[in-house]
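The values are calculated or read from the model by the stated rules, or taken from the named source; none is laboratory data. Every value quoted in this text rests on a predicted model; they were computed, and no experiment measured them. Virtual Cβ from ideal backbone geometry, glycine too; neighbours counted across all protein chains shown.
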Amino acid sequence: MVELCCPECKSTRIRKDEAKAELICEKCGLVVSEDLVDLGKDWRSFDGDQFDETARTGSPKKYVKLNKGLVTMIDRRGRDLRGNKLSTKSKAQMYRLVKWHKRASVSSSMQRNLSIALTELRRVASYLNIPESLVEAGALLYRKTVEKGLIRGRLIEAVVAAILYTICRTYNVPRTLNEMAEASGLTKKEIGRTYRFLVRELKLEVPMTNPIHYIPRFAAELNLSGEVQEVGRQIIDKAIDQGLISGRGPTGVAAAAVYIAGLIKGERRTQKEVANVAGVTEVTIRNRYRELKKELDIDVAA
């Protein structure tokens, strides 16, 4: 940024007079500039509703929408600008306009692919209760995948599920392959194969899944207290420090930690209840339970 200087005394102490729209030198009093243009907004708002009513800009760009929310939308309510009902002839004309407008917006094969994929993306995200910000990130990643031609010969549903799984792992939102498979109607093998392909081709750096991220979710579904969650986190931290989770499924380790923490805090849940919530077998929980109890020297009665 260029620093203003007084042309008379060369002082840099320039003050802006908002009321008179002038720049004044504080040392010699010279008016350096006048008739300044105020680049700020010419209206005030005190709450969200007033802001929406007075703002003169559109909604932000959204990658989860087919045309990123920048396309013109034709109203289908059958009313004119004043709210009066349209005649039958005018209504038929409007419906034809809407139909051709929709056809024109998905004219290319890429747009048709995006139309199907983004609908599937919203459906799966809604089923798994994935936050909107992550859905946006997933839509952007899918667009990059399409641009690089990586979806050729692959199921759209598999690519969508793999991308959502990638985004959830990247932002530490725990969603398992089992849940992705249930939501998309595909197998874990198909989603996993597509996930590995995308990570390799797009050179993505996806962090390892930390079992701690599953603790709050499992505890909430089992109606366990915050104390149980904290003990579960401590167990996971100790297990990570001693390298006990290497080669172990994160959900199984987290489920065993929650089971042990419940026993320690007197909020007992059966292995079957924990297994149903975590989506693993009782055998897995028993094996992880025995390992953690033995290696961490946890004194608790099963």
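Take region 117-133 and flag every residue that is aliphatic (A, V, I, L, M) and touching an Asp or Glu at 6+ places or on another chain (Cβ under 9 Å).
Of all residues in region 117-133, those aliphatic (A, V, I, L, M) come to 117-118, 121, 124-125, 128, 130.
Matches in region 117-133: 117, 124, 125, 128.
This table checks each residue for (1) at positive phi; (2) modelled with pLDDT under 90.
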{"residue": "143", "(1), (2)": "no, no"}
{"residue": "149", "(1), (2)": "yes, yes"}
{"residue": "159", "(1), (2)": "no, no"}
{"residue": "164", "(1), (2)": "no, no"}
{"residue": "186", "(1), (2)": "no, no"}
{"residue": "195", "(1), (2)": "no, no"}
{"residue": "206", "(1), (2)": "no, yes"}
{"residue": "223", "(1), (2)": "yes, no"}
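Pairs needed: first member in region 201-220, in the same structural domain as residue 244 (by TED's automatic domain parsing) and under 19 Å from residue 264 (Cα atoms); second member anywhere, polar (S, T, N, Q) and part of a loop (DSSP other than H, G, I, E, B); C-beta distance under 8 Å; at least 6 residues apart or different chains.
219/225
Taking the residues in region 251-276 that are under 30 Å from the mean Cα position of the chain (by Cα) and surrounded by fewer than 19 Cβ atoms within 10 Å (Cβ to Cβ) as candidates, determine which candidate is farthest from residue 188 (Cα to Cα).
Per the criteria, the residue is 273.
Which of the helices (runs of 4 or more DSSP H) found entirely inside region 143-238 contain at least 2 residues meeting this: basic (Lys, Arg)?
188-202
Could you tell me which residue of region 239-254 is nearest to residue 296 (Cα to Cα), considering only residues that are of a type outside the set (A, V, I, L, M) and part of a helix (DSSP H, G or I)?
So the residue we want is 241.
Considering only region 174-192, state which residues are buried (at least 17 other Cβ atoms within 10 Å of the Cβ) and among the β-branched types (Val, Ile, Thr).
The initial filter retains those residues of region 174-192 that are buried (at least 17 other Cβ atoms within 10 Å of the Cβ), namely 174-177, 179-181, 183-184, 186, 190-192.
Within region 174-192, 176, 191 qualify.
Counting just the residues of region 255-287 that are in a helix (DSSP H, G or I) and of a type in the set (Ser, Thr, Tyr), which one comes out nearest to residue 222 (Cα to Cα)?
Applying the filter and picking the extreme gives 259.
Residue 176 versus (1) in contact with a helix residue (DSSP H, G or I) (Cβ under 6 Å, 6 or more places away or on another chain); (2) not assigned by TED's automatic domain parsing to the domain that holds residue 192: which is the lone unmet condition?
(2)
Just to be sure I understand the filter: pairs with C-beta atoms under 7 Å, separated by 6 or more residues or on different chains, first member in region 143-156 and over 13 Å from residue 116 (Cβ atoms), second member in a loop (DSSP other than H, G, I, E, B). Which pairs pass?
143/63; 145/151
Could you tell me which of the residues 281, 187 is free of Cβ contacts under 8 Å to residues at least 24 places away in the same chain and within 30 Å of residue 154 (Cβ to Cβ)? Can you show your working first?
Values: 281 fails: within 30 Å of residue 154 (Cβ to Cβ).
The match here is 187.
Is it the case, given these coordinates, that residue 238 is touching a helix residue (DSSP H, G or I) at 6+ places or on another chain (Cβ under 9 Å) and charged (D, E, K, R)?
yes
Assuming residue 157 fulfils every condition listed in (1) under 12 Å from the mean Cα position of the chain (by Cα); (2) surrounded by 12 or more Cβ atoms within 10 Å (Cβ to Cβ) apart from one, which condition is it?
(1)
Could you please let me know if residue 273 is at pLDDT 90 or above and farther than 19 Å from residue 172 by Cα?
Details: at pLDDT 90 or above: yes; farther than 19 Å from residue 172 by Cα: yes.
When the stated conditions are applied, residue 273 passes them.
When only residues in region 288-302 that are assigned to a helix (DSSP H, G or I) and acidic (Asp, Glu) count, which is farthest from the chain's Cα centre (by Cα)?
At the first step, the residues of region 288-302 found to be assigned to a helix (DSSP H, G or I) are 288-295.
Checking which are acidic (Asp, Glu) leaves us with 291, 295.
Numbers: 291: 35, 295: 37 Å.
Ranking the qualifying residues of region 288-302, first place goes to 295.
Are any of the residues in region 108-131 surrounded by 19 or more Cβ atoms within 10 Å (Cβ to Cβ) and among the β-branched types (Val, Ile, Thr)?
yes
Here's the yes/no breakdown for (1) outside any loop (DSSP other than H, G, I, E, B); (2) modelled with pLDDT under 85; (3) of a type in the set (Val, Ile, Thr); (4) assigned by TED's automatic domain parsing to the domain that holds residue 122:
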residue	(1), (2), (3), (4)
3	no, yes, no, no
9	no, no, no, no
32	yes, no, yes, no
45	no, yes, no, no
61	no, yes, no, no
70	no, yes, no, no
